[in-house]
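As structure tokens, the structure follows; a few thoughts come after it.
The values are calculated or read from the model by the stated rules, or taken from the named source; none is laboratory data. Only a predicted model underlies this, so the values are computations on that prediction, with no experimental measurement involved. Here the Cβ is made from the backbone with ideal geometry for all residues, glycine too, and neighbour counts use every protein chain on show. Just the protein is used for accessible areas: all its heavy atoms, side chains included, with ligands, DNA and RNA removed. Shrake-Rupley method; radii C 1.70, N 1.55, O 1.52, S 1.80 Å.
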Amino acid sequence: MAVGGDAKVDEFAPFPVKDQHPDVDFCVSSSPPWPEAILLGFQHYLVMLGTSVIIPSIVVPLMGGGNVEKAEMINTLIFVAGINTLLQTWFGTRLPVVVGGSYAFIIPTITIALSTNNRTNIIFLSPRQRFKQSMRAVQGALIVASFLQMIIGFFGFWRIFARFLSPLAAIPVVVLTGLGLYAHGFPQLARCVEIGLPALLLLVLISQYVPHMMKSRCNMYSRFAVLFSVAVVWAYAAVLTAVGAYDNKSPLTQLSCRVDRAGLIGAAPWIRVPYPLQWGGPTFDAGDVFSMMGACFVAVVESTGAIIATYQYASATHLPPSVLSRGIGWLGIGTFLDGLFGTGNGSSVSVYDFKPSNENAGLVGLTRVGSRRVAQIAAGFMLVFSVLGKFGAVLASIPLSIVAALYCVLFAYVASAGLGLLQFCNLNSFRTKFILGFSLFMGLSVPQYFNEYLLISGRGPVHTGATWFNDIVQVIFSSPATVALIVAYFLDCTHSLGHSSTRRDSGRHWWAKFRYFGQDTRTEEFYALPWKLNRNEELPSQGLLGVTLARKAWLNSVIEIGVGISRVHSPLRTGIV
């Protein structure tokens, strides 16, 4: 009680809750002028190269390949990433996300490669033949495992999950989608600190300080800070390499600092168009498929975190559960294409460690341009430079310390997108504090245990006779975002169940108006499919009649396979939940 016996009045909250970011220059459905959009698209292409180089550099030697196979795998990975990005922006979530390779698939890929070599007499095989044999086994596992993502997405299982997802449960997965990289940001930068640190300082200076010093050109500097900083520091690294600054250094230092140690430029062909089954027909093994399914599940969970971060920075409204489920289904089609073309890796919008769309989601926040067209232009660069192998190899030879400097800033934006969801929650509730703190702590602590155990003993803490089961457990519990989501989602759905304030404490009432596609008038602008292909999502609930009408509309769909399947889940929402 206040003095005089009057009831204390809470202070006015100076920052009202907003479901769209107010300071974005271009949202999902708008676009900057074409010259500016092309440069921004090239910038998105540039930041996704790090993942596309790191994954093949780890996997190819274990599969028996050399620099030639690594260059071919990188080109294939980027080429299919361009196709998948176009599919996701056209028919998936319609958000400006970049779909690319995923670090979560490395463990099952390595297991498959080693087990394939053990099952076959490799003494009489050349390294090229060993590589092809391993790649064909990975292809078969990816093709079958991709149906898990398609079933989860197109048949609406992820839609049901998303309807019970509150802002409180979403915060840990989005935050740890970015913070899960903490061990690979500055440590990677410090391997060549004389290049990485200037890149980091220059990026922060150009993107955060120069716009306030030169307000008339603030958009120019903040939007193209990545291009400016990378160009300057890359030239500086080239000068140090040319004058012999690293000639007598250790191999690890030379790999991190020199601009001519990637081994890609000489090995890459001038022109090469990747094509399906280029390594031969896929081979299938049940254990390999189950191992890959674990990675596919992690890709689904962490893609959800990156998608939520992207829609915030793109100034779109919260995406309806049906749209999220649609995007996961198309993610499965992307993984199927990965297996068909032979990228040696699955697709993800966000996966633990190096996440292609995480840095791109952070770039959306850095540039304040969330245009769908920019992501599609980036996909065009992926397709062109993957075919023109030499040109793409030059760009892919950027020292990893520069890439790590970009990650330090871009992944920070991803983590802050998760923190932005706190505005929807009641932070004065002890229930909220417990769920947030416990899920974040477990999301960091459990993967740390699994990763340390693997590093020390060479195997995970679960080592049964079934290798595929060991891989599933290792992949799932090595992902901070996946562990955090499991804990937060379970606690949010069970803790204080039935209490009157639970719904408001978790922020569910803020997302209730986006529960179905047509509930908010803004949803159509951001998430509607082209050519009115999403018309089934707008059908009213009419029991069996509604289902019959929806199926009739589905049979008349313009796209008979891909979009036809993606619409199956839409009529199922009528009369359910």
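Values as computed for the structure displayed
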{"quantity": "Selection status of Gly418, buried (at least 17 other Cβ atoms within 10 Å of the Cβ) and not in a helix (DSSP H, G or I)", "calculated": "no"}
{"quantity": "Near pairs, Cβ below 7 angstrom, 6+ apart or cross-chain, from the stretch 507-535 (at negative phi and without any contact (Cβ under 8 Å) to a residue 60 or more places away in the chain) to any residue that is outside any helix (DSSP H, G or I) and open to solvent by 30 Å² or more (accessible area, probe 1.4 Å)", "calculated": "Lys513/Gln519"}
{"quantity": "Selected residue (criterion: surrounded by the fewest Cβ atoms within 10 Å (Cβ to Cβ)) from residues of the stretch 338-367 that are at pLDDT 90 or above and not in a helix (DSSP H, G or I)", "calculated": "Gly342"}
{"quantity": "Residue within the stretch 117-131 that is out of contact with any Ser or Thr (no Cβ under 8 Å at 6 or more places or on another chain), aliphatic (A, V, I, L, M), open to solvent by less than 10 Å² (accessible area, probe 1.4 Å) and at pLDDT below 95 present", "calculated": "no"}
{"quantity": "Among (1) open to solvent by 10 Å² or more (accessible area, probe 1.4 Å); (2) closer than 22 Å to Ser115 by Cα, the one test that Cys296 misses", "calculated": "(1)"}
{"quantity": "Positions within the stretch 60-115 being at positive phi and surrounded by fewer than 24 Cβ atoms within 10 Å (Cβ to Cβ), in sequence order", "calculated": "Gly64"}
{"quantity": "Those helices (runs of 4 or more DSSP H) lying entirely in the stretch 176-260 with at least 1 residues among the charged types (D, E, K, R)", "calculated": "193-204, 218-223"}
{"quantity": "Matching residues, the stretch 39-55, being farther than 19 Å from Gly185 by Cα and open to solvent by less than 10 Å² (accessible area, probe 1.4 Å)", "calculated": "Leu40, Gly41, Gln43, Tyr45"}
{"quantity": "Residues that are within 18 Å of Arg522 (Cβ to Cβ) and out of contact with any helix residue (DSSP H, G or I) (no Cβ under 7 Å at 6 or more places or on another chain), drawn from the stretch 26-41", "calculated": "Phe26, Cys27, Ser30"}
{"quantity": "Lone qualifier among Ala396, Ala375, Ala361, Ala415 - being of a type in the set (Gly, Ala, Ser), touching a residue at least 40 places away in the same chain (Cβ under 8 Å) and within 22 Å of Met73 (Cα to Cα)", "calculated": "Ala396"}
{"quantity": "Members of the stretch 356-407 found to be under 16 Å from Ala71 (Cα atoms) and in contact with a strand residue (DSSP E or B) (Cβ under 9 Å, 6 or more places away or on another chain), listed by number", "calculated": "Met382"}
{"quantity": "Residue that is more than 27 Å from the chain's Cα centre (by Cα), surrounded by fewer than 18 Cβ atoms within 10 Å (Cβ to Cβ) and among the aromatic types (Phe, Trp, Tyr), where the choices are Tyr275, Tyr209", "calculated": "Tyr209"}
{"quantity": "Residue ID - least open to solvent (accessible area, probe 1.4 Å), chosen from residues in the stretch 221-242 that are β-branched (Val, Ile, Thr), over 25 Å from the mean Cα position of the chain (by Cα) and modelled with pLDDT of 90 or more", "calculated": "Val233"}
{"quantity": "Those residues of the stretch 480-497 which are free of Cβ contacts under 8 Å to residues at least 12 places away in the same chain and among the hydroxyl-bearing types (Ser, Thr, Tyr), in sequence order", "calculated": "Thr494"}
{"quantity": "Residue in the stretch 329-337 that is open to solvent by less than 10 Å² (accessible area, probe 1.4 Å), over 21 Å from Thr51 (Cβ atoms), in contact with a Ser or Thr (Cβ under 8 Å, 6 or more places away or on another chain) and not basic (Lys, Arg) present", "calculated": "yes"}
{"quantity": "Residue among Ile377, Ile398 that is assigned to a helix (DSSP H, G or I) and open to solvent by 10 Å² or more (accessible area, probe 1.4 Å)", "calculated": "Ile377"}
{"quantity": "Breaking point among (1) surrounded by 24 or more Cβ atoms within 10 Å (Cβ to Cβ); (2) among the aliphatic types (A, V, I, L, M); (3) under 30 Å from Pro530 (Cα atoms); (4) over 20 Å from the mean Cα position of the chain (by Cα), for Val138", "calculated": "(3)"}
